[in-house]
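**Student:** Mind having a look at this structure? Questions to follow.
The values are calculated or read from the model by the stated rules, or taken from the named source; none is laboratory data. Predicted, not measured: the structure shown is a model, and the values here were computed from it. Please note: Cβ atoms are built from the backbone with ideal geometry, for glycine as well, and neighbour counts cover all protein chains shown.
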């Protein structure tokens, strides 16, 4: 599973807002702190405003803030909205299903179905509030996975 830039930027901006749920942030502040293009961020914020996830306050002293509690918004909801599916391949997707000629005899389709289900469970059980508690991943943690040259993920 790979998330799109739009989904990545939505997650970044929502995390910025969730870091201070009562705060009001301008597009410029969010864009700078999250390393996002202002123009692209404006589109994303409008989309999230239409969903009711954020609220915008116009004017010179305006900005954006979360419209819902960070405990109620899951990463699964965000990824599904911006990327449409969590499945690694279309033949195991519910929303973006595409029939495959090998479905009746495919031996690895079950593996990808299990992967889809596990990813969905983790993302659906992780809220924006949970993400705020996560520590950034270190280089050491990446190496601790046991994968070495040529065996990367």
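**Student:** Quick one: residue 94 ticks every box in (1) touching a helix residue (DSSP H, G or I) at 6+ places or on another chain (Cβ under 8 Å); (2) closer than 30 Å to residue 68 by Cα; (3) assigned to a loop (DSSP other than H, G, I, E, B) except a single one, so which number is it?
**Tutor:** Going through the list (1) touching a helix residue (DSSP H, G or I) at 6+ places or on another chain (Cβ under 8 Å); (2) closer than 30 Å to residue 68 by Cα; (3) assigned to a loop (DSSP other than H, G, I, E, B), residue 94 breaks only (1).
**Student:** Which of the numbered conditions does residue 70 fail, given that it passes all the others? Conditions: (1) out of contact with any helix residue (DSSP H, G or I) (no Cβ under 7 Å at 6 or more places or on another chain); (2) part of a loop (DSSP other than H, G, I, E, B); (3) farther than 24 Å from residue 117 by Cβ.
**Tutor:** (1)
**Student:** Same structure, new question: Being assigned by TED's automatic domain parsing to the domain that holds residue 121 and touching a residue at least 24 places away in the same chain (Cβ under 8 Å) narrows it down to one residue among 18, 10, 87; which is it? Break it down stepwise before answering.
**Tutor:** Details: 18 fails: assigned by TED's automatic domain parsing to the domain that holds residue 121; 10 fails: assigned by TED's automatic domain parsing to the domain that holds residue 121.
Of 18, 10, 87, the one residue that is assigned by TED's automatic domain parsing to the domain that holds residue 121 and touching a residue at least 24 places away in the same chain (Cβ under 8 Å) is 87.
**Student:** Can you confirm whether residue 102 is farther than 27 Å from residue 38 by Cα, modelled with pLDDT of 95 or more and outside any strand (DSSP E or B)?
**Tutor:** Judged against the criteria, residue 102 is not a match.
**Student:** State whether the residues of region 22-36 include one that is over 30 Å from residue 111 (Cα atoms), assigned to a strand (DSSP E or B) and touching a helix residue (DSSP H, G or I) at 6+ places or on another chain (Cβ under 7 Å). Steps first, answer last, please.
**Tutor:** Going through region 22-36, the residues over 30 Å from residue 111 (Cα atoms) turn out to be 22-36.
Subset that is assigned to a strand (DSSP E or B): 25.
When the remaining residues are screened for being touching a helix residue (DSSP H, G or I) at 6+ places or on another chain (Cβ under 7 Å), the result is 25.
Within region 22-36 (the criterion being over 30 Å from residue 111 (Cα atoms), assigned to a strand (DSSP E or B) and touching a helix residue (DSSP H, G or I) at 6+ places or on another chain (Cβ under 7 Å)), the answer is yes, since at least one residue qualifies.
**Student:** Can you tell me which residue within region 48-59, out of those that are in contact with a helix residue (DSSP H, G or I) (Cβ under 8 Å, 6 or more places away or on another chain) and outside any loop (DSSP other than H, G, I, E, B), is modelled with the lowest pLDDT? Give the steps one after another, and end with the answer.
**Tutor:** So the first thing to find is which residues in region 48-59 are in contact with a helix residue (DSSP H, G or I) (Cβ under 8 Å, 6 or more places away or on another chain), and the list is 48, 51, 53-56.
Among the residues that remain, those that are also outside any loop (DSSP other than H, G, I, E, B) are: 48, 51, 54-56.
Numbers: 48: 97, 51: 97, 54: 96, 55: 95, 56: 92.
The extreme case among them is 56.
**Student:** Just one of 82, 112 is within 30 Å of residue 21 (Cα to Cα), surrounded by 12 or more Cβ atoms within 10 Å (Cβ to Cβ) and outside the structural domain of residue 46 (by TED's automatic domain parsing); which is it? Even if it seems obvious, please write down each step before you answer.
**Tutor:** Details: 112 fails: within 30 Å of residue 21 (Cα to Cα).
Testing whether each residue is within 30 Å of residue 21 (Cα to Cα), surrounded by 12 or more Cβ atoms within 10 Å (Cβ to Cβ) and outside the structural domain of residue 46 (by TED's automatic domain parsing) leaves just 82.
**Student:** Now, a different point. With respect to residue 112, determine if the residue is part of a helix (DSSP H, G or I) and over 13 Å from the mean Cα position of the chain (by Cα). Before the answer, list the steps.
**Tutor:** On the way: part of a helix (DSSP H, G or I): yes; over 13 Å from the mean Cα position of the chain (by Cα): yes.
Considered against the rule, which asks whether it is part of a helix (DSSP H, G or I) and over 13 Å from the mean Cα position of the chain (by Cα), residue 112 comes out as yes.
**Student:** Determine if region 60-67 includes at least one residue that is surrounded by 11 or more Cβ atoms within 10 Å (Cβ to Cβ), in a loop (DSSP other than H, G, I, E, B) and touching a strand residue (DSSP E or B) at 6+ places or on another chain (Cβ under 8 Å). Lay out the reasoning, then the answer.
**Tutor:** Taking region 60-67 and keeping what is surrounded by 11 or more Cβ atoms within 10 Å (Cβ to Cβ), we get 62-67.
Subsequent filtering for residues that are in a loop (DSSP other than H, G, I, E, B) retains 62, 67.
So of that shortlist, the ones also touching a strand residue (DSSP E or B) at 6+ places or on another chain (Cβ under 8 Å) come out as 62, 67.
The answer is yes, given that some residue of region 60-67 is surrounded by 11 or more Cβ atoms within 10 Å (Cβ to Cβ), in a loop (DSSP other than H, G, I, E, B) and touching a strand residue (DSSP E or B) at 6+ places or on another chain (Cβ under 8 Å).
**Student:** Next up: Would region 128-136 turn up any residue that is in a loop (DSSP other than H, G, I, E, B) and either more than 16 Å from residue 19 (Cα to Cα) or touching a residue at least 60 places away in the same chain (Cβ under 8 Å) (or both)?
**Tutor:** Restricting attention to region 128-136, the residues satisfying the condition of being in a loop (DSSP other than H, G, I, E, B) are 134-136.
Narrowing the set further to residues that are either more than 16 Å from residue 19 (Cα to Cα) or touching a residue at least 60 places away in the same chain (Cβ under 8 Å) (or both) leaves none.
So far as region 128-136 goes, no, none of its residues is in a loop (DSSP other than H, G, I, E, B) and either more than 16 Å from residue 19 (Cα to Cα) or touching a residue at least 60 places away in the same chain (Cβ under 8 Å) (or both).
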